[in-house]
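Colleague: Let me give you the structure first, and then I'll get to my questions.
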Protein chains: 2
Amino acid sequence: MMSKALERREKLREDLILAAERSISAGGLAGLKTRELAREIGCANGAVYNLVADVDELILLVGSRTLALLDAALSEAESAGPASPTEMLVRIAVAYCDFAAENLELWRALFEHRMTPGKPIPEWAISDQMNLFRHIYRPLATLFPKRSPDELGVTARSLFSAVHGMVLLGLEQKLIAVPIDALRREIAAIVKAMAEGLAR
Amino acid sequence: MMSKALERREKLREDLILAAERSISAGGLAGLKTRELAREIGCANGAVYNLVADVDELILLVGSRTLALLDAALSEAESAGPASPTEMLVRIAVAYCDFAAENLELWRALFEHRMTPGKPIPEWAISDQMNLFRHIYRPLATLFPKRSPDELGVTARSLFSAVHGMVLLGLEQKLIAVPIDALRREIAAIVKAMAEGLAR
């Protein structure tokens, strides 16, 4: 059984992560202030660093929750229609677009966060990220049964990066601003074209 | 004939833009300090704002130079091989990747710069950006002669965003780090697949 002190620390740590998530969701990474989080969860400023090692770890823990939500959204998209691998890839790509649009700041934080120079990303955070590639890998393996795992990995990565670029610039109110429905259609068309083109 | 005063201002303004370009090239947007630029070109701090309206304008002027260099690189790629539109699109995409790798910080600045809130991007800067889409638009128009300019515009935008995503995540030492030669091969394969898939 956990001691009362440990239980309390666990609870406070959870509160801290949720407070950081709300803060990033509202104002992006730039708006994250540990001083404000400490006040919100009712602990001293310095006590935050008894709960997490540093701000990098806190941001990665929020990222881990974001990736879990994304994972659930992609799993749902996988089973939400025909099992044809091309159609599945299209559904996954559109679900990725929707997730980014609905969780814009949390999604951006996944890509904008930079570790303090010289500090590597911890293994658990890398494996959280890599784990999501299985959603793309599986239908590609069905589509291209003769390709090696390495080749499939490369294609999965390229496909993800291409869709990510379309979502990124499509949601950006900068060079290219696209209504979300148009963006979903474009992504579906391009992913279908890539899958069919790769199969030739 | 320009007055001596105007000539001197023109020269200083050019010096300022080049100094800003060197600074961004070395340390990214985050390292840009007008105080240091002023010292470098030998004028008072405040005098910088006789040369450009504000830092946004200065960054956009540097961006304009970057876009002109990119324009030249893409033009060269266009004519550096067979006129087949698919092969041309592949060469343009690979040239975009090479340009980004060779001018990493200047290229990043094009996408990372945010105007001061409430200030729109000036028309000339938007048209500098849009002008580059012709490199993608032209081969697409050859490839799909029956599509309307609007449809071609949408496809050009999607294709660009997809390639941009592959370059962005490929050059990033984060989620996905890829050696440049492998990245070029992946981009070529995906662009070819998209062009062939879209043509079906």
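The values are calculated or read from the model by the stated rules, or taken from the named source; none is laboratory data. Please read all numbers here as calculations on a predicted model, not as lab measurements. Every residue, glycine as well, gets a Cβ built from its backbone with ideal geometry; the counts of neighbours run over all protein chains shown. What goes into the accessible areas is simple: the full protein's heavy atoms, side chains included, and nothing from ligands, DNA or RNA. Shrake-Rupley method; radii C 1.70, N 1.55, O 1.52, S 1.80 Å.
Colleague: As a test of the formula, what do you get for the protein assembly as shown when each DSSP H run with n ≥ 4 contributes -39,500 (n - 2.57) and the sum is divided by the residue count, at 222 nm and rounded to the nearest 500 deg cm²/dmol?
Modeller: -24000 deg cm²/dmol
Colleague: Using a 1.4 angstrom probe and counting only protein chains, how large is the accessible area of A:Ile17 in Å², to 10?
Modeller: 20
Colleague: Related question: Multiply the residue gap between B:Lys119 and B:Ala47 by 0.36 nm, knock off their C-alpha separation, and tell me the result in nm, one decimal place.
Modeller: Extra length available between B:Lys119 and B:Ala47 comes to 23.7 nm.
Colleague: Report the calculated FRET efficiency for B:Asn131 and A:Glu76 (r = Cβ-Cβ distance, R0 = 45 Å), to the nearest 0.05.
Modeller: 0.60
Colleague: With every protein chain present, what accessible area does A:Glu196 have (1.4 Å probe, heavy atoms only), rounded to the nearest 10 Å²?
Modeller: 40
Colleague: Now a separate question. How do B:Arg134, A:Arg138 rank by accessible surface area computed with a 1.4 Å probe, from largest to smallest?
Modeller: Most to least solvent-accessible, the answer reads A:Arg138, B:Arg134.
Colleague: Return one whole number: the accessible area per residue of the stretch A:86-200 in Å², for a 1.4 Å probe.
Modeller: Result: 46 Å² of accessible area for each residue.
Colleague: Closest to the A-onto-B rotation axis, which residue of chain A has its Cβ, and how many Å off the axis is it?
Modeller: Result for the A and B rotation: A:Gly165, 1.
Colleague: Can you compute the radius of gyration and Dmax for the protein assembly as shown, using only the Cα atoms, both in Å?
Modeller: Computed over the Cα atoms of the protein assembly as shown, radius of gyration and Dmax are 23.6, 88 Å.
Colleague: Give the B-A buried accessible area in Å², both sides summed, 1.4 Å probe, nearest 100.
Modeller: 3100
Colleague: By the scheme Lys and Arg +1, Asp and Glu -1, what is the net charge of all other residues having a beta-carbon under 9 Å from that of B:Asn45?
Modeller: So the surrounding residues net to +2.
Colleague: Taking K and R as +1 and D and E as -1, what net charge do the other residues with C-beta under 14 Å from the C-beta of B:Lys4 add up to?
Modeller: That sum, taken over residues with Cβ under 14 Å, equals +1.
Colleague: Which pairs, out of A:Lys146/B:Lys192; B:Lys4/B:Lys119; A:Lys11/A:Lys33; A:Lys146/A:Lys192, put more than 24 Å between their alpha-carbon atoms?
Modeller: Listed pairs above 24 Å: B:Lys4/B:Lys119.
Colleague: From the P(r) of chain B, can you give the percent of Cα pairs sitting at distances over 32 Å?
Modeller: 27
Colleague: In nm, what is the difference between 0.36 nm times the number of residues separating B:Arg185 and B:Leu6 and their Cα-Cα distance?
Modeller: 59.4 nm
Colleague: Next up: Give me the net charge of B:Ala19's neighbourhood, meaning all other residues with Cβ under 13 Å from the Cβ of B:Ala19; Lys, Arg count +1, Asp, Glu -1.
Modeller: +2
Colleague: Then there is this: With a point put 7 Å past each Cα toward its Cβ, work out how far B:Arg147 is from A:Asp150 in nm, to one decimal.
Modeller: Output for this residue pair reads 3.5 nm.
Colleague: Put a label point 7 Å from Cα along the Cβ direction on A:Gly46, then list its distances to the equivalent points in the other copies in nm, shortest first.
Modeller: 4.5
Colleague: If you don't mind, another one. So what is the relative contact order for the stretch B:45-167, in percent, with contacts set as C-alpha pairs under 8 Å and at least six apart?
Modeller: Rounded, it is 28 percent for the stretch B:45-167.
Colleague: A:Thr116 accessible area, nearest 10 Å², 1.4 Å probe?
Modeller: Per-residue accessible area (A:Thr116): approximately 70 Å².
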